[in-house]
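**Student:** Have a look at this one before I ask anything.
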Amino acid sequence: MGCTGSARVAPLGSGTDGGSTQWFPCACGDNPRRHYAHFVEQGGHSSVAQRVGSFYDRARTRRYIERPEERSLSMEDLVDIRGVIERGCSEEAWTADGKDTSRRLGPDEVNLYHVNYHHICPATVPAGVKLSGLTKRRYVYGQTVVQMDKSAQPEIRAAGFVQATTTGSSIKVVVTKGRFVSVEKGIARPVLVDGTDAGEPAQVSYRNAVSYKELVSPVPLKPQFFCSHWWGEPQLHFIKCCEEHAMLRKLSGDKASYWVCAYANRQHDLGAEIATDPADTSFRRAMDIACGVLLILDGAAKPFQRIWCCYELHTTVLQADKLMDIVTFHNGCPHLLSDGELPDENSWQQRRREMKFPIHLLTEGLRCRLEHGQATWKMDRVRILNSMAGRTMQLDDHSILEMLETHRHKYDRANDAMHARFAIAAWPQALKRGLVENFDEAKSGSLNLSRILASHQERKVVKLDFRNFEEMTDAAAKTLAAGLPTGVEDLELILGACPISDTGLRALAMKFGTGIKKLHLYLAACGSIGDEGILALARRLPQEMHTLNLVCSRCTRLTDESIEALAKKLPGGLEDLSLDFSHCTGITGAGLQTLSLHVPASLKRLCLQFKDCRSISTHDTKTFARRLPKGVHAFEGNLRGSGVGRSFSSLAELQAWADDTAPQEPR
């Protein structure tokens, strides 16, 4: 038996119901299938009724996910949203921004505001809402209910229909669009029932409200990545960016999980999810347990202008162990800046991929100051600014708005970290275009990548790949050297086949900080580098370093003098040493003998590449093997093309070969 009462449900606005999948029993006790069947009879969209059944059946075994930080969406969930959007536009005639207009949206136009308005909010309040404090009168089942929002311009904030005939000042409403809200000082939000003003609700109550995540899955899912983004970006672009990210990072199953605020928070109970202190919100808790943050930039880099996004970036860049990947949709496809190399990708492949990232977005990232972000609600900005400034006991103090310059130093640490991240990402493009010292040509001299990177003295990792860049000259190397932060502990510079000479290498070595623990310097095929450059490098090797990887293959000007200089300056605590002097014909057995006399006792792993160094003999190599410190437990070596004529894949293999015939002392 269907619901009783005056059946006058009609399409709302332009006929959109917004995907309101109300699958819980209504207050009157009737199956919501019947409400929607009647809704269709009166002109509503049939696609709603088709979805109600599946959600209603699922609801009988649904469980709440109490921890909002565990309400991540799987990649499958995100892909399903694409279908929701396409159906909403084609079958339900979604309109723009909730305004009372006949302009229909196309799928590529739909942003998260639209999805939230037409689908999330209606679908996640299964038992409807109760509006209290309206004009006392008789309300009849099926009457249309619309709440206007006149804060900016006349706009439909929410819509639905009366759920049960009643007389009084309260009504129960089945929601078909948006979210009903209670009266707020200074903002006119009247409720119209069948076009007649019924006043403003003093209270909006609900029961069994859920998040979108809980709607589609009862299984808690911790986030692998937290999504920081602007709601105004087209959702189809957003989904494609997440798909590309998961594919490149090779995330699958539960690892391909993304926390998105609109889908994770219960939109009808935001007060419970968003606490006064930003550090206690669902956002922060999700960021804390995620492996990293995925910053999704639209074409105008809007996240840099939104205070919540700025807070998320502020939190991320100050955590050294937190990844921050950056992705955007540009020229029809996603482009990713990854925090480090991706699985099955080397630094050259990473650089090639990232060279396609839009340069204007890099400029915005370099210019952004996190404290300048704006908010829809002023108090959000006040609390976030106080939180970022460390004023946790003064979160509601509005004076922070007048003190931004006074407190500038409190925001500088995070700003410097973020700017350094973008400077490293931008450097290869900038070098190709001649923009390293003037990255923003529109404002000459205002963005110098060298100064920006050097300003972040706390940065621990710098990795840059310039292999085959003819622009990496001695002058460019000096500019790069000037930008190296003094606090770097892990430095990787790939300069293979660049026209850098001893002068450029010396400039770089002079800027090596004493705190470097890991150094990877790739100089393969740098034909202008000779013994003088390696000697300058050896003199500046940090004594606290535990890992050295030096590649000088095909640097044909090098001789035993380079090996001797390096050997005598190896740090006493070195644990991992890799030297590649393949095809350096000026290096002989004498150089290898000298190296054997200076290998640090602390060494645990050794890799030597002396391929085609023809003057290295079997005697030289066996002597070297016998002199290795006892602490060395891993060895790899390639001496093909030398007097040895073979390679070694393990220490045991080297020792067995060396012990086969004891080396004879030369006469």
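The values are calculated or read from the model by the stated rules, or taken from the named source; none is laboratory data. All values reported here derive from a predicted model rather than from experimental measurement. Reconstructed Cβ throughout: ideal geometry from the backbone, glycine too, with neighbour counts over all protein chains shown. The accessibility values were calculated without ligands, DNA or RNA, using every heavy atom of the protein model including side chains. Shrake-Rupley method; radii C 1.70, N 1.55, O 1.52, S 1.80 Å.
**Student:** Give the span of the chain's Cα atoms along each principal axis, as three whole-Å numbers ordered largest to smallest.
**Tutor:** On the principal axes, the chain reaches 116, 54, 43 Å in Cα extent.
**Student:** Taking the stretch 149-251, how much of its Cα-Cα pair set, in percent, is spaced more than 20 angstrom apart?
**Tutor:** The calculated P(r) of the stretch 149-251 puts 59 percent of pairs beyond 20 Å.
**Student:** Express the accessible area of the chain per residue in Å², computed with a 1.4 Å probe while the remaining protein chains stay in the model.
**Tutor:** Accessible surface, normalised per residue, equals 40 Å².
**Student:** While we're looking at this one, here's another question. For a bin width of 10 Å, list the pair-distance distribution of the stretch 271-320 built from all Cα-Cα distances, rounded to whole %.
**Tutor:** In whole percents, the pair-distance histogram is 23, 52, 24, 1.
**Student:** Once the Cα gyration tensor of the stretch 534-667 is found, what semi-axes does its equivalent ellipsoid get, as square roots of 5 times the eigenvalues, in whole Å, sorted largest first?
**Tutor:** That gives 21, 18, 13 Å for the three semi-axes.
**Student:** Using amide H atoms built 1.01 Å from N in the peptide plane, name the residues 5+ places from ARG306, or on other chains, whose amide H lies under 5 Å from its own.
**Tutor:** GLN374
**Student:** For the stretch 565-637, give the magnitude of the charge dipole about the Cα centre (Cβ charges: +1 Lys/Arg, -1 Asp/Glu; no others), in debye to the nearest 20.
**Tutor:** 240 debye
**Student:** Karplus couplings for the stretch 346-361 from phi (6.51 cos²θ - 1.76 cosθ + 1.60, θ = phi - 60°), rounded to Hz, Gly and Pro as x?
**Tutor:** Using θ = phi - 60°, the values come out as 9, 5, 5, 5, 5, 4, 4, 5, 7, 5, 8, 5, x, 5, 5, 6 Hz.
**Student:** In terms of modelled amide H atoms, which long-range or inter-chain residues lie less than 5 Å from the amide H of SER228?
**Tutor:** LEU294, LEU295, ILE296
**Student:** Amide H neighbours of LEU105 under 5 Å, counting only residues 5+ apart in sequence or on other chains, H built in-plane at 1.01 Å?
**Tutor:** So LEU105 has HN proximity to TRP94, THR95, ALA96.
**Student:** Using only the alpha-carbon atoms, how far is helix 235-248 inclined from the longest principal axis of the chain? Give it as 0 to 90 degrees, nearest 10.
**Tutor:** Rounded to the nearest ten degrees, it is 30.
**Student:** Here is a further query. Throw me the Rg/Rh for the stretch 431-470, computed over C-alpha atoms with Kirkwood Rh, two decimals.
**Tutor:** 1.03
**Student:** Under unit Cβ charges (Lys, Arg +1; Asp, Glu -1), what dipole magnitude, rounded to 20 debye, does the stretch 454-517 have relative to its Cα centre?
**Tutor:** 200 debye
**Student:** Averaged over every viewing direction, what's the projected area of the C-alpha convex hull for the stretch 332-441? Give it in nm², one decimal, please.
**Tutor:** Averaging across all directions leaves 9.7 nm² for the Cα convex hull.
**Student:** Hey, which of these cross-link pairs are over 31 Å Cα-Cα: LYS322/LYS443; LYS569/LYS630; LYS213/LYS302; LYS222/LYS604; LYS177/LYS302; LYS185/LYS302?
**Tutor:** Correct reply: LYS322/LYS443; LYS222/LYS604.
**Student:** Given a 1.4 angstrom probe, I'd like the percentage of the accessible area of the chain that is carbon and sulfur, rounded to a whole number.
**Tutor:** Carbon and sulfur atoms account for 47 percent of the accessible area of the chain.
**Student:** Would you kindly derive the ³J(HN,Hα) couplings of the stretch 319-324 from the backbone phi angles with the Karplus curve 6.51 cos²θ - 1.76 cosθ + 1.60 (θ = phi - 60°), listing them in order in whole Hz, with x for Gly and Pro?
**Tutor:** Coupling constants for the stretch 319-324: 10, 4, 8, 9, 6, 9 Hz.
**Student:** Sticking with this one: Apply the a/c threshold of 1.5 to the C-alpha gyration tensor of the stretch 208-257 and tell me whether it is rounded, prolate or oblate.
**Tutor:** Verdict is oblate for the stretch 208-257.
**Student:** Nearest-5 percent of antiparallel DSSP beta bridges in the stretch 540-667?
**Tutor:** Percentage antiparallel, nearest 5: 10.
**Student:** What's the Cα-based Rg to Rh of the stretch 590-667, Rh via Kirkwood?
**Tutor:** Ratio of gyration radius to Kirkwood radius: 0.93.
**Student:** Another question, then. Assigning unit charges at the beta carbon (Lys, Arg +1; Asp, Glu -1) and nothing else, what dipole magnitude in debye, to the nearest 20, does the chain show about its Cα centre?
**Tutor:** I would put it at about 840 debye.
**Student:** Could I ask something else about it? Applying the Karplus parametrisation 6.51 cos²θ - 1.76 cosθ + 1.60 with θ = phi - 60° to the phi angles of the stretch 391-407, what ³J(HN,Hα) value in whole Hz is obtained for each residue in order, glycine and proline being reported as x?
**Tutor:** Residue by residue, the stretch 391-407 yields 9, 5, 8, 10, 4, 9, 7, 5, 5, 4, 5, 9, 10, 4, 5, 4, 9 Hz.
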